[in-house]
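First up is the structure itself, then whatever we jot down about it.
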Amino acid sequence: MQLALFIIFGLLAVAGAINFLLQRHPINSALSLVVVMMSLAVLYWSLGAEFLAAAQVIVYSGAIMVLFVFVVMLLNAGEEERTHGSRAAYFAGVPGATAIFCLLSFVFLTNSKAFGSTDLTSHLTHTVNNIAEISQVLFKDLLLPFEVTSILILVAILGAVVLARKEQ
Amino acid sequence: MHLSDFQTFLLLSILKIVVVLVITLTAVAYTVLLERKVLGRMQNRWGPSRVGPFGLLQPLADGIKLFLKEDLTPLAAEKPLFLAAPVIALTCALISIAVVPFGAVTKIAGVDMFAIADVNIGLLVILGITSIGVYGIALSGWSSNNKFALLGSLRATSQVISYELALGLSLVGVVLRSGSLRLRDIVAVQSTHGLLSWNLFGGFQFVAFFIYLMAAYAETNRAPFDLPEAESELVAGYHTEYSSMKFAMFFMAEYANMITVACVATLLFLGGPSSPFGSLLPTPSNSILAAVLPIFWFVLKVFAFLMLYIWVRATLPRFRYDQLMSFGWKFLLPVAMLNIIATSLVLALRG
C-alpha cells in the first residue's frame, strides 16, 4: 500500500516539477507547483507524519501558492518568451548539476543501510502522538531558536511594510 | 460467501461514500429551496410555490433547467483552466464532508458507520481542503478573461486568505480544551453533560464561536460578505461567464460549503451528534433508535445553522470592501488571539 502510494505520488511530484519547468505561462507553472506540494504532502502522510502533511497543504498549497497565483492574476503576467539560455549556464550548469547528482547518489548509496532502518511502526499505528512530539521539540527543547525565528520573520514583515509604504 | 476484513472495509466505505454524497447533494438542492422560501417569507412574499406541493419539486425543475441550458465558453477564455475551475470548487466543497462524524460511534463489522473517515487530524484536513478551495474561485475569474470576473475573484481570494487566519485561530481554543485534532475526540469532550458541556456554553468559547461564525460567512462568500459576487457592482462576480452545468457546479459548491461550515460549527461548538439534554433523557434501549437519535440531533443543529445563514442574509446589508478587510484584520484577528491567550491561561491554572 505504502509502496503503491509512494510510486503514484512520487511520479506525480516529478511530473509536476518537470511540467513546472516546461510551461510557458506563469499561472500554469504555479499550478504545477501546487501539484508537487500536494504530492509531497501525501508522501509525508504515508510516512506517518500527518501533521507535517497537513501543514504542507495549509501553508504551502493553501497560502503561499495562492499568493503566487494572486500576484500572477493581479499583474496579468503574459506568456514567457522561450530563450536559448546563456552560454555560462551551459558551461557551469551542466557539470555542476552532474556533480551534485553524483554526490547525492554517492551519499545515499553509501548510507542506504542507515536510511532503511528507520522504524516507523509506532508512527503508523498511532502509538506515538505526532503533534505532541513536535510540540515537545518546538516549545521545550528548541524554544529559543523557535522564538528567534519568529522574531526574524516579524522583522521581515515589518521591513516589507516599510518598503511598501508610500512616501508622505 | 465469506469476505476478508479488507473487502468488508472497502465495500462498507464505498457504501458510506455513496450514501453521504447522495444525501449531501440532495441537502444542497433543498437548502437552495429553503433559502428561497424563507427569504420569500421574510420579505413578505411566497417564494417558489408552483412546482409540486408547496414548491417542493422546484430543485428538480431548476436542475433540469440548468442542465438543458446552452453551455457557453468565451472565445478569449483560457480553456483548460476555465473547465477545471468549477470542478476544483465543487470537489473541494464535497470532500471535506468525508471527515465529519455525523452520528454516535456505531460499528458494523468493525467499521464505523457514521463517519466516512475518522482521521486523527480531521480538523486540519478540513482547514486544508478549505484553503485549497480558493483555487476554484481564483482560477475561474482569471481564466474567464473578463474584468468583472477578475475583480470578483481577486476580492474572493484576498477575502478568503484574510479570514482563514481568524477562522483557524478561533478553533485553537476548542482544540486546547479537547487536546486533540480528531473530531470524534472533540465531540466526546462535549457530550458529558449535554448542553452545559458544549464548547459554546460550558467551554466559554462563545467569543471563538462568534469569530468562527463571522469568518465562516466570509469564507463561504455569503451575505454580508458576498462582495465577490456583488451583483450591484460586479454583474455576478467570478462566475459571470459561466453558464449551464458549470454555473450549477459553482452554485452547488457554495451551498455545499455552507453545509460543511455548519457541520464543523456543530461539531466544534455545539457538541456534534450528542444530545443537548445529556443524561436527562433516558438512553434508548432499542439499538436502531440509539443509532438514529444522534443523527437527528446532528441534522437539527446543522439545520439551525443554515436557518441562521438565511436569516443573516435577509437582514444585513453588504459590507464595503475596506470595512471587510479592517474588520477581519483589525478586529477578528486580535480578538481571536486574546481568546487563545485567555483559554490557555484558564486551562493552565486549572490543570
* Can you tell me which of B:156, B:188 is in a helix (DSSP H, G or I) and either among the aromatic types (Phe, Trp, Tyr) or surrounded by 23 or more Cβ atoms within 10 Å (Cβ to Cβ) (or both)? -> B:156
* Asked: Given the structure, is residue B:88 out of contact with any Leu (no Cβ under 8 Å at 6 or more places or on another chain) and closer than 30 Å to residue A:35 by Cβ?
  -> no
* Find all pairs meeting these conditions: Cβ atoms under 8 angstrom apart; at least six residues apart or on different chains; first residue within the range A:74-97 and closer than 16 Å to residue A:24 by Cα; second residue in a helix (DSSP H, G or I). => A:77/A:26; A:77/A:27; A:80/A:26
* Structure fact -> Per the list (1) within 11 Å of another protein chain (Cβ to nearest Cβ); (2) closer than 30 Å to residue B:320 by Cβ, residue check on residue B:159 breaks on (1)
* **Restricting the range A:35-48 to residues that are modelled with pLDDT under 85 and in a helix (DSSP H, G or I), the residue that is farthest from the other protein chains (Cβ to nearest Cβ)** => A:46
* the range B:91-130, subset crowded, with 23+ Cβ neighbours inside 10 Å and polar (S, T, N, Q), residue nearest to residue A:57 (Cα to Cα) -> B:130
* Asked: In the range B:140-156, how many are of a type in the set (S, T, N, Q) and more than 12 Å from every other protein chain (Cβ to nearest Cβ)?
  -> 1
* Matching residues in the range A:9-34 - criterion: being within 11 Å of another protein chain (Cβ to nearest Cβ) and within 29 Å of residue A:133 (Cβ to Cβ) -> A:34
* Yes or no: residue B:147 surrounded by fewer than 24 Cβ atoms within 10 Å (Cβ to Cβ), modelled with pLDDT of 80 or more and out of contact with any strand residue (DSSP E or B) (no Cβ under 6 Å at 6 or more places or on another chain)? -> yes
* Of all helices (runs of 4 or more DSSP H) completely enclosed by the range A:49-116, which ones contain at least 2 residues that are facing chain B (nearest Cβ under 10 Å)? -> A:50-55, A:65-75
* **Among the candidates B:283, B:266, residue that is more than 30 Å from residue B:162 (Cβ to Cβ) and among the β-branched types (Val, Ile, Thr)** => B:283
* Asked: Which one of these does residue A:76 not meet: (1) surrounded by 11 or more Cβ atoms within 10 Å (Cβ to Cβ); (2) under 18 Å from residue B:141 (Cα atoms)?
  -> (1)
* With the condition kept exactly as written, say whether any residue in the range B:199-220 is within 14 Å of chain A (Cβ to nearest Cβ), out of contact with any His (no Cβ under 6 Å at 6 or more places or on another chain), part of a helix (DSSP H, G or I) and under 20 Å from residue B:263 (Cα atoms). => yes
* Give the residues of the range B:169-185 that are within 14 Å of another protein chain (Cβ to nearest Cβ) and not in a loop (DSSP other than H, G, I, E, B), sorted by residue number. => B:169, B:171, B:172, B:175, B:176, B:178, B:183, B:184, B:185
* **Failed item, numbered, when residue A:60 is tested on (1) closer than 30 Å to residue B:165 by Cα; (2) at pLDDT 85 or above; (3) out of contact with any helix residue (DSSP H, G or I) (no Cβ under 7 Å at 6 or more places or on another chain)** => (3)
* Asked: Right, residue B:294: over 30 Å from residue B:62 (Cβ atoms) and either of a type in the set (Val, Ile, Thr) or surrounded by fewer than 15 Cβ atoms within 10 Å (Cβ to Cβ) (or both) or not?
  -> no
* Is there a residue in the range B:268-279 that is closer than 27 Å to residue B:135 by Cα and assigned to a helix (DSSP H, G or I)? -> yes
* Mind listing whichever residues of the range B:97-112 are within 17 Å of the chain's Cα centre (by Cα), outside any loop (DSSP other than H, G, I, E, B) and away from every other protein chain (no Cβ under 12 Å)? => B:97, B:98
* Asked: Name the pairs whose Cβ atoms lie under 7 Å apart, with the first residue in the range B:113-130 and within 10 Å of chain A (Cβ to nearest Cβ), the second surrounded by fewer than 23 Cβ atoms within 10 Å (Cβ to Cβ) and aromatic (Phe, Trp, Tyr), and 6 or more positions between them or separate chains?
  -> B:121/A:51
* Got at least one residue in the range B:242-255 being touching a Lys or Arg at 6+ places or on another chain (Cβ under 9 Å), modelled with pLDDT of 80 or more, surrounded by fewer than 24 Cβ atoms within 10 Å (Cβ to Cβ) and closer than 30 Å to residue B:105 by Cα? -> yes
* To do: Taking only the range B:305-351 into account, find how many residues are among the aliphatic types (A, V, I, L, M) and not in a helix (DSSP H, G or I).
  => 1
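The values are calculated or read from the model by the stated rules, or taken from the named source; none is laboratory data. Remember, predicted model here, so these are calculated numbers, not experimental data. Positions of Cβ are backbone-derived with ideal geometry, glycine not excepted, and every protein chain shown enters the neighbour counts.
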